[in-house]
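The values are calculated or read from the model by the stated rules, or taken from the named source; none is laboratory data. Source: prediction; values computed, not measured. Ideal geometry is used to build each Cβ from the backbone, glycine not excepted, and the neighbour counts take in all protein chains shown. These accessible areas exclude ligands, DNA and RNA; they are computed on the full protein's heavy atoms, side chains included. Shrake-Rupley method; radii C 1.70, N 1.55, O 1.52, S 1.80 Å.
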Amino acid sequence: MSKVVFRVGKLKTWGQVGAAAGHNLRTRPTPSADPAKPPIVIKPITDPLGAIGAVTATIGTQTIRKNAVLAAEVIISASPEYFRPSAPDKAGTWDQKRLDAWREKMEPWIREQFPHAVSVVLHLDEATPHYQIIDVPLDDRGRLNCRGKYGGADTLSRWQDRAADAVASLGIERGIPGSLAKHERVKAFYGAANSPVPALPPVKTKAPAPLPEPTMAERIPFTDAKADRDRLEAEHAAQQAQRNREIGKRNAEAARMHPQ
């Protein structure tokens, strides 16, 4: 029986986010990839500042902790026996009908499970077909929370279950729960992703707290209450504008250091 492949890596720096996107879109050298088989982009990065801008926009104005995971790199595949049952050792080949059936199952599942993904790419240029996803792990409250979405052995085990359920009808099954097997990382990708990068300009201004709805008195023109309300709204707008400028400066510097 073929086994499902579901792995998650943490992207903790903007350099890692840029490197992951460069690897996925093949804008960085990938010695293991066949240049004659370009990546199939399922969900493109539409932000003009590339992956870094897209991740930043998805996170929004919330404060990012110093130790936060900015995005997750998710790899989804199946063992070679599924894609080429008659020649599992023949890397870089696949049965087209099996590939199409797998895509029909996986791509709707990916759209449902990763609504905050900024990039989804299908690679056919390496040994075995696989999806690589850059996902911003937001929780139900819209907060950046990688541990809540992927952290812990139990959580990852449930992801393995769901990924296997999505393709069970194709004869692809889940791996052994609790297996201690480890996967060797691709040196070309992770070497770039883990390289040190200069610090980005900080965002020092906190996001202003939402203002309550104005009271009846604050709606009456030419009153002290209305004047106080106008002053409060002006301060609120100024604080948000300053924060937006700091975020823009950080994004521009990140894009300069890691162009897509």
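Rank-order 9-15, 57-63 by packing density, defined as the average count of other C-beta atoms within 10 Å over each peptide's residues, highest first.
Details: 9-15: 20.4, 57-63: 15.1.
Sorting 9-15, 57-63 by mean packing, highest first, produces 9-15, 57-63.
Let me have the relative contact order for the chain, percent, based on Cα pairs under 8 Å that are six or more residues apart. Please report the intermediate quantities before stating the final value.
Details: 382 pairs, mean separation 72.1, N = 260.
Once divided by the residue count of the chain, the mean separation gives 28 percent.
How are the C-alpha pair distances of the chain spread across 10 Å bins, as whole percents from the shortest bin up?
6, 26, 30, 18, 10, 6, 3, 1, 0
Can you send over the solvent-accessible area of ILE220, 1.4 Å probe, protein chains only, in Å² to the nearest 10?
Spelled out: ILE220, probe radius 1.4 Å, area about 80 Å².
Helix-derived [θ] at 222 nm for the chain: sum -39500 (n - 2.57) over DSSP H runs of at least 4, divide by residue count, nearest 500? Each step should come with its number before you reach the end.
On the way: 8 runs with 103 residues, N = 260.
Estimated from H runs of four or more residues: -12500 deg cm²/dmol.
What does the accessible area per residue of the chain come to in Å², with a 1.4 Å probe and no ligands, DNA or RNA counted?
Details: 14540 Å² over 260 residues.
Ligands and nucleic acids excluded, the result is 56 Å² per residue.
Explain nothing, just compute: Karplus ³J(HN,Hα) = 6.51 cos²θ - 1.76 cosθ + 1.60, θ = phi - 60°, for every residue of the range 209-224 in order, whole Hz, x for Gly and Pro.
After applying 6.51 cos²θ - 1.76 cosθ + 1.60, I find 5, x, 7, x, 4, x, 6, 4, 5, 6, 8, 7, x, 6, 10, 4 Hz.
Normalised radius of gyration for the range 1-154, please: alpha carbon Rg relative to 2.2 N^0.38 Å, two decimal places. Don't skip to the end; give the middle numbers.
On the way: Rg = 16.2 Å, N = 154, 2.2 N^0.38 = 14.9 Å.
Here the Cα radius of gyration is 1.08 times the empirical estimate.
What part of the accessible area of the chain, given as a whole %, is carbon or sulfur when the probe is 1.4 angstrom?
On the way: 8010 of 14540 Å².
With neighbouring chains kept in place, the figure for the chain is 55 percent.
If I ignore ligands, DNA and RNA and count only protein heavy atoms, how much of ILE172 is accessible to a 1.4 Å probe, in Å² to the nearest 10?
0 Å²
Extension gain ILE75-THR46, at 0.36 nm per residue separation less the Cα-Cα distance, in nm? Could you put the intermediate results ahead of the total?
Working: separation 29, 0.36 × 29 = 10.44 nm, distance 2.09 nm.
My answer for the length gained is 8.3 nm.
ARG158 to MET216: extension gain in nm, 0.36 nm per residue of separation minus the Cα-Cα distance?
On the way: separation 58, 0.36 × 58 = 20.88 nm, distance 5.12 nm.
Using 0.36 nm per residue and subtracting the Cα-Cα distance, I get 15.8 nm.
If you project the alpha carbons of the range 121-167 onto their three principal axes, what span does each projection cover, largest first, in Å?
37, 20, 17
Quick query: amide H of ALA78 versus all other amide H atoms, modeled in the peptide plane; which residues come in under 5 Å with a sequence gap of 5 or more or a different chain?
Sorted by chain and number, the residues that satisfy this are VAL5.
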